[in-house]
1. Just one of (1) open to solvent by less than 60 Å² (accessible area, probe 1.4 Å); (2) modelled with pLDDT of 90 or more trips up residue A:165, so point out which.
2. Go through A:89, A:84, A:79 for me and flag whichever is under 21 Å from residue B:217 (Cα atoms), open to solvent by 10 Å² or more (accessible area, probe 1.4 Å) and in contact (Cβ under 8 Å) with a residue 60 or more places away in the chain.
3. With the requirement that a residue be within 12 Å of residue A:50 (Cα to Cα) and more than 9 Å from every other protein chain (Cβ to nearest Cβ), what does the stretch B:22-39 give you?
4. So which of A:109, A:115, A:181, A:155 is within 14 Å of chain B (Cβ to nearest Cβ), among the aliphatic types (A, V, I, L, M) and within 35 Å of the chain's Cα centre (by Cα)?
5. Scan the stretch B:10-44 for residues that are part of a helix (DSSP H, G or I), open to solvent by less than 60 Å² (accessible area, probe 1.4 Å) and under 21 Å from residue A:19 (Cα atoms) and jot them down.
6. Output the qualifying pairs, or none if there are none: Cβ atoms under 7 angstrom, residues six or more apart or on different chains, first residue in the stretch A:110-123 and farther than 22 Å from residue A:140 by Cα, second residue of a type in the set (D, E, K, R) and open to solvent by 40 Å² or more (accessible area, probe 1.4 Å).
7. Looking at (1) of a type outside the set (Asp, Glu); (2) buried (at least 21 other Cβ atoms within 10 Å of the Cβ); (3) at pLDDT 90 or above, can you tell me which one residue B:176 breaks?
8. Which numbered condition in (1) modelled with pLDDT of 90 or more; (2) open to solvent by less than 30 Å² (accessible area, probe 1.4 Å) is the only one that residue B:157 fails?
Amino acid sequence: MPQSIDLIPQQDTEIVRQSKLIRTSTVLTIFFLVVTSVVAGYYFVRIATLRSSVNSNNRRISEARSRIESLSAIEIEARNLDARVRVLREIYSSRNEYSVMLDEFLRRVPESVEVSSLNVSVNNTLSIDGTATDYLAISSFVNSLLEEKFEEDNVNGIFTEAVLNSVTLNPQTNEADFFMVVTFDPTKLKEIQQ
Amino acid sequence: MNLNNLKETVVNFIVPIISLLVTVLLLLLGIFPSISKVPELEAEQTTTGDRATLLEAKVVKLEKLLDFKTTVEENSNLVSKVLISEPQIPELLTQITEVAEISGIKITRMGYSFGSVSPISSLDNAEFETVLVSLGVDSDFESAINFLENLENAARLVNTDVFRFSPSTSADSENLYEFTFTLSSQYLVVDSQAVTDSPIEVDVTDASFVTFMDKLKGLKFYEPTVDDTVDAEELTNEEVNEAATGASETSSTSGTTGTGTTPQ
């Protein structure tokens, strides 16, 4: 088997090895330097762009503020108007227009029934005292109150429940006195909506 | 000897050493601080951008309002008549009396009291106040409906809270009923300030706003003069509530600090 004999002197081998090391380390560190420089450059440009954008925004803010301050009189008037309109909308949306309900109620009272007193409560109920010619008239009254589509009805389903609390036959007049509580739907009584 | 070796090594590795130093400097002084700085600047850019956009939108809105200055003033004037700033009780009672006269009903008693202060859900730190009016009238059904309608269509805001009726006890009141109404009229002190950074939400050209203002314009304006005003007694809230519930009749002489009753 042939033997290879290294005839290069030891000193030259060392020089070659050192030269390789220098070259490799130079390439590597320059590569890292380039990569780091690119990244640093990116951040430099990014920060400069962001700072410029923030400064530009601050200038816009400053200009807008000075323009707004010069229009403070109209701003105050607009805010006052807005506040009043908001409150009015709130009040109108919550108030009951009882003219609609009273009109609708009286239309539904049959001729055979006489309502002697009516009391509207804040809990959306009507307490009704009255007299009817007979029991059937009371039944007819209750039915017409709860009828969804009454013949001349403008507001369907305004009365949602009618509870007959008492019925007493008056022996002298032979008429039936009654007391009932009727619940109405307040959403049907709100004309001006928000 | 060693020093010479070191010098030689440094000279040989001068490029990698300088590159490494510059890389480290770039990392320490450039990249690492930037990593934390960029998100801060991005957040600042977003914040200032949003604020600038908001303020510019406000400027556009204010300039539009300036173009519609006459409309804004007319609308402000209108809503100030509907929702007034002060109780103006004589004017309120006169309006109610005029409405009653127009509707053909006869006032038998009238008293007022100051109601509770109510918070406004759509406005922060704002409250409206209320004047309560207890009103007794003799009327037939048709006139009572007319009265309620006219009251609902009156420009100064008057709400009917509750009402009741029973047969009239007056001698000359055949087919008449004795109605008792509890009315409330709200008033609101508005004293807005210009807040530069806060947006303005009112838009006088918005369809729903225009529709609402048109409805207000359709209301009937009663503008009583001082000579027209009527006196009525001031009642306590309990007396107004009693009149409303019918628990006990409100006496026309039961006022606490009233100026006397003037039945119409």
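1. (1)
2. Just a single option satisfies the conditions, and that option is A:89.
3. B:39
4. A:155
5. B:12, B:16, B:19
6. A:122/B:161
7. (3)
8. The failed condition is (1).
The values are calculated or read from the model by the stated rules, or taken from the named source; none is laboratory data. Nothing here was measured: the structure is a model prediction, and the numbers come from that model. No Cβ is skipped: glycine too gets one built from the backbone with ideal geometry, and neighbour counts run over all protein chains shown. Please note that ligands, DNA and RNA were not included when accessible areas were found on the heavy atoms of the full protein model with its side chains. Shrake-Rupley method; radii C 1.70, N 1.55, O 1.52, S 1.80 Å.
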